[in-house]
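In what follows, a structure is listed as structure tokens, so that the remarks can point back to it.
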Amino acid sequence: MKWRLKHHRIAACVVGISFSMLAGSTQAQQFPIPRTAAEVPGPAAGNTLTKEYVQTVGQMAYFWGWPLVANANRAVAFSKVPEPGLVGGEVPIAFGGIAMLTDYVTPDQRVIACANQDVVYGPGFLPLDKEPFVLQVPDFGDRFWVFALYDGRTDEFTEIGKPYGTKPGFYLVVGPDWKGETPAGITAVVRSSTALVFAVPRVFMDDTAEDRKAIQPVLSQINVYPLSQFDGKMKMKDWSKLPHFPAPKSEGKGEAKYVNPETFFDELPAIMKAVPPLPGEEGLYAWIGSVLEAADKDPAVKQTLKETAVAADGMITQYLQWRYIGRAAGNGWNSPVNNAKWGTDYLNRTGTAKSNIYDNRPEETKYIYTDNDSGGQQLDGNNLYSVTFAKGQTPPVKGFWSVTLYNAEHFFNDNPLRRFSLGTKNKNLVYNADGSLTLYAGSKSPGPDKENNWLPAPEGTFSLYIRAYWPEEAILDGTWMPPVVEKVM
């Protein structure tokens, strides 16, 4: 009996505990799981920040934000000219429109690295915060052309050009908040996610006197102007009469400096406000923003960020080496795979912004480059190199291709021949007896019989750069591989 009584008491306790647990479970409430970025808590204001933490966030923010600051400060530099014109009499720049060249870009410019001498350029920045801009697109006939527009992240956001079958007409470029009515006569509207846009048409031109003359009428019909000036009529412009403005002082032999690490974190907050986060970037913006807010209140945090940016600048400089850009393309060459549509590929976005900013998308242009020969050694102009395309194996394109030679700073090597690239535009290339094509690169001529195929190099470091405009699928999927760069002597 005692055993049974004890057993019943234990059972009663177990049942009581079970009911108590059950009652507790019915009272528990699920904390809402965040379903949107706005519901995710960010860093708390006033957090204690160690120097090491500030350095960690600062280094990451410097790498991430470098292209945004480079683009914004380039726009500031362009805005210094009172109207579209030529800086130093050679480089077209404009703010609130474009400035077209009428020939290839000159070799001594330092406004932008890795320019090419296959196309005629027309760059300019468009501030869309006041009103939209009209792109005037003429009939290019069979000539290859692309009219690229880039947002504040250096992503290309339009498909305007021959690869897309774009028709002649007037295209309206609007900002993220524009809600106006589209005027009659506008062919299509394209919207940027940022209020600042970089525009640059590229128009192919053969390296012949005949084509230089033939291209002029179509160039005069390319234009960009505010919507308030639109009247539905094609506006002609004689770009050969652009005014000339003094060139800014150049520091060193490289590209004009658009990012100053000492002022980087003073400029970044405003630029981040002008370039809103992409979906999924909200947390990143909040994380960086929390340190920027702390720096605004605490001089020690601000000084740490400044020191971090100065120290991190060398991390950016290394991207002048092509082996760090994109991925292996075969035979010692590298190539990006998502150029101009970076999204969250911050590695290649920053690397490209340093090495050759404002790429076209792969469907428009495939970029392939190398610093080394087949033995993995740095290309040096004191040697002679050959690049041989087997018969029928020049870059497969619907547009055109070229091989350009650049010096260590990614600019043209000036030379008596005024020759900086070879490819489709050249009508005097000499093919081998078996139908293959061999190009030569070095500071000394490979001989009179090979000189038409020679790219003069500096007596020192240089690189080679293949452009394939409107590439065939074989280039895009990697089936076609760039040729080996052989050291001849």
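Give the range 171-189 a look and list any residue that's touching a Phe, Trp or Tyr at 6+ places or on another chain (Cβ under 7 Å), open to solvent by 20 Å² or more (accessible area, probe 1.4 Å) and in a strand (DSSP E or B), or say none.
Scanning the range 171-189 gives a single hit, ALA188.
Scan the range 387-428 residue by residue and report those that are open to solvent by 30 Å² or more (accessible area, probe 1.4 Å), free of Cβ contacts under 8 Å to residues at least 40 places away in the same chain and hydrophobic (A, V, I, L, M, F, W, C).
Within the range 387-428, just LEU417 meets the criteria.
What about LEU242, is it farther than 30 Å from GLY169 by Cα, in contact (Cβ under 8 Å) with a residue 24 or more places away in the chain and of a type outside the set (S, T, N, Q)?
no
Take the range 149-169 and flag every residue that is assigned to a strand (DSSP E or B) and crowded, with 20+ Cβ neighbours inside 10 Å.
LEU149, TYR150, GLU156, GLY161
Every residue in the range 253-297 that is open to solvent by less than 60 Å² (accessible area, probe 1.4 Å), outside any helix (DSSP H, G or I) and over 14 Å from MET60 (Cβ atoms), please.
Within the range 253-297, GLY254, GLU255, ALA256, TYR258, VAL259, PRO261, THR263, VAL275, PRO276, PRO277, LEU278 meet the criteria.
Can you tell me which residue among THR370, THR344 is at pLDDT 95 or above, polar (S, T, N, Q) and surrounded by 22 or more Cβ atoms within 10 Å (Cβ to Cβ)?
THR370
Evaluate the following for ASP434: is it of a type in the set (D, E, K, R) and assigned to a loop (DSSP other than H, G, I, E, B)?
yes
List every residue pair whose Cβ atoms lie under 8 Å apart, where the two residues are 6 or more positions apart in sequence or sit on different chains, the first residue falls within the range 213-228 and is among the β-branched types (Val, Ile, Thr), and the second residue, located anywhere, is at pLDDT 95 or above and part of a helix (DSSP H, G or I).
none
How many residues does the range 198-252 hold that are in contact with an Asp or Glu (Cβ under 9 Å, 6 or more places away or on another chain), modelled with pLDDT of 95 or more, of a type outside the set (S, T, N, Q) and surrounded by 14 or more Cβ atoms within 10 Å (Cβ to Cβ)?
Of the residues in the range 198-252, 12 are in contact with an Asp or Glu (Cβ under 9 Å, 6 or more places away or on another chain), modelled with pLDDT of 95 or more, of a type outside the set (S, T, N, Q) and surrounded by 14 or more Cβ atoms within 10 Å (Cβ to Cβ).
From the residues in the range 34-76 that are charged (D, E, K, R) and without any contact (Cβ under 8 Å) to a residue 60 or more places away in the chain, which one is nearest to LEU347 (Cα to Cα)?
Result: GLU52.
For the range 33-121, list the strands (runs of 3 or more DSSP E) that sit wholly inside it and hold at least 2 residues that are within 21 Å of the chain's Cα centre (by Cα); which are they?
The qualifying strands (runs of 3 or more DSSP E) are 91-93, 119-121.
This table checks each residue for (1) of a type outside the set (Lys, Arg); (2) modelled with pLDDT under 95; (3) within 25 Å of THR352 (Cβ to Cβ).
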{"residue": "GLN378", "(1), (2), (3)": "yes, no, yes"}
{"residue": "ASN383", "(1), (2), (3)": "yes, no, no"}
{"residue": "GLY399", "(1), (2), (3)": "yes, no, yes"}
{"residue": "LEU417", "(1), (2), (3)": "yes, no, no"}
{"residue": "LYS425", "(1), (2), (3)": "no, no, yes"}
{"residue": "LEU429", "(1), (2), (3)": "yes, no, no"}
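Could you grab me the full set of residues in the range 459-489 that are in a loop (DSSP other than H, G, I, E, B), open to solvent by less than 30 Å² (accessible area, probe 1.4 Å) and either of a type outside the set (Phe, Trp, Tyr) or on the phi > 0 side of the Ramachandran plot (or both)?
GLY460, PRO482, PRO483, listed by residue number.
Has the range 358-367 got at least one residue that is assigned to a loop (DSSP other than H, G, I, E, B), open to solvent by 10 Å² or more (accessible area, probe 1.4 Å) and out of contact with any Ser or Thr (no Cβ under 8 Å at 6 or more places or on another chain)?
yes
State the number of residues belonging to the range 190-236 that are part of a strand (DSSP E or B) and touching a Ser or Thr at 6+ places or on another chain (Cβ under 6 Å).
Count: 1.
The values are calculated or read from the model by the stated rules, or taken from the named source; none is laboratory data. Predicted, not measured: the structure shown is a model, and the values here were computed from it. Here the Cβ is made from the backbone with ideal geometry for all residues, glycine too, and neighbour counts use every protein chain on show. The accessibility values were calculated without ligands, DNA or RNA, using every heavy atom of the protein model including side chains. Shrake-Rupley method; radii C 1.70, N 1.55, O 1.52, S 1.80 Å.
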